[in-house]
Each structure stands twice: as structure tokens, then as C-alpha cells.
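Data block below; observations after.
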Amino acid sequence: MDTTAGKNLRVNLRIDAEGKRKLERAASYAGSTLSDFVLSNALAAANRTIQEHESVALSKADWDAFFDALVAPPKPSRRLERALKRHDKIYG
């Protein structure tokens, strides 16, 4: 990750002295500056959180059912057909 290109925004954080010392120690172990350490770990956590919320993992059985429904969708029920006609009538 290039942490030097295009830096023009700032994020301010408040942290207690013990927390800052811990982050500085971890950054030192990683051979990184405090800012780069915090930024890279925050972005990694952000990527994990986004992945968890924007993807779906299916079991093999669920994937097979999903795939089968895509390849050969079931015929719409009469109730669904009526609902679609009502929708088309209202929303054109």
C-alpha cells in the first residue's frame, strides 16, 4: 500500500496515554511510523468489515439451489402474476 501518494486529508483521534504507548510499541515492532501503522491497520479492518457486509457466503447446498434457480427459474405463481399486473398498472 502506498501511504505517501496523494495525502491531503486528516483524521484526528483521541486516545489515552496507555493506548498511544501501545500503538507506538506495536508500530516499532512492525518497523513503521505510528501514523502508517494506525492507517494500515485501520484500512485492513475497514476492508474486512466491508467484505463481511457486502458479500454472501453460501454452503454448497445453498449455492446449488441458487444456481438452479438462476438457470431454470420456477414458473411464477398466479399470486405473483397478479401482483406484477397490479404493479404495472400503478407504476406503468
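Can you compute the charge dipole magnitude of the chain about its Cα centre, using +1 on each Lys and Arg Cβ and -1 on each Asp and Glu Cβ, nothing else charged? Give it in debye, rounded to the nearest 20. Each step should come with its number before you reach the end.
Working: 16 positive and 12 negative charges, 114 e Å.
My answer is approximately 540 debye.
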Treating the angle as unsigned and between 0 and 90°, give the value, to the nearest 10°, between the Cα long axis of helix 34-54 and the longest Cα principal axis of the chain.
10 degrees
Looking only at aspartates and glutamates whose Cα falls under 20 Å of LYS20's and that sit 8 or more positions away or on another chain, we get ASP36
Projected onto the charge dipole of the chain (unit charges on the beta-carbon of Lys, Arg, Asp and Glu, signs +1, +1, -1, -1), the Cα from ASN47, PRO74, PHE37 with the largest positive-side position is that of PRO74
Which residue, GLY6, LEU23, HIS87, has the largest displacement toward the positive end of the dipole of the chain when charges sit on each Cβ (Lys, Arg +1; Asp, Glu -1)?
HIS87
Quick one: angle between helix 60-71 and the longest Cα principal axis of the chain, in degrees between 0 and 90, rounded to 10, please.
50 degrees
Which value, in Å² and to the nearest 10, is the accessible area of PHE67 when all protein chains are kept and the probe is 1.4 Å?
100 Å²
Estimated [θ] at 222 nm from DSSP helical runs (n ≥ 4, -39500 (n - 2.57)) normalised by residues in the chain, nearest 500
-21500 deg cm²/dmol
Computed over the chain: longest principal axis from alpha-carbon atoms vs helix 78-91 long axis, angle to nearest 10 degrees, is 70 degrees
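The values are calculated or read from the model by the stated rules, or taken from the named source; none is laboratory data. This is a predicted model, so every value here is computed, not measured. Neighbour counts run over all protein chains shown; Cβ positions are idealised from the backbone, glycine included. Accessible surface is based on the protein model in full, side chains and every heavy atom, while ligands, DNA and RNA are left aside. Shrake-Rupley method; radii C 1.70, N 1.55, O 1.52, S 1.80 Å.
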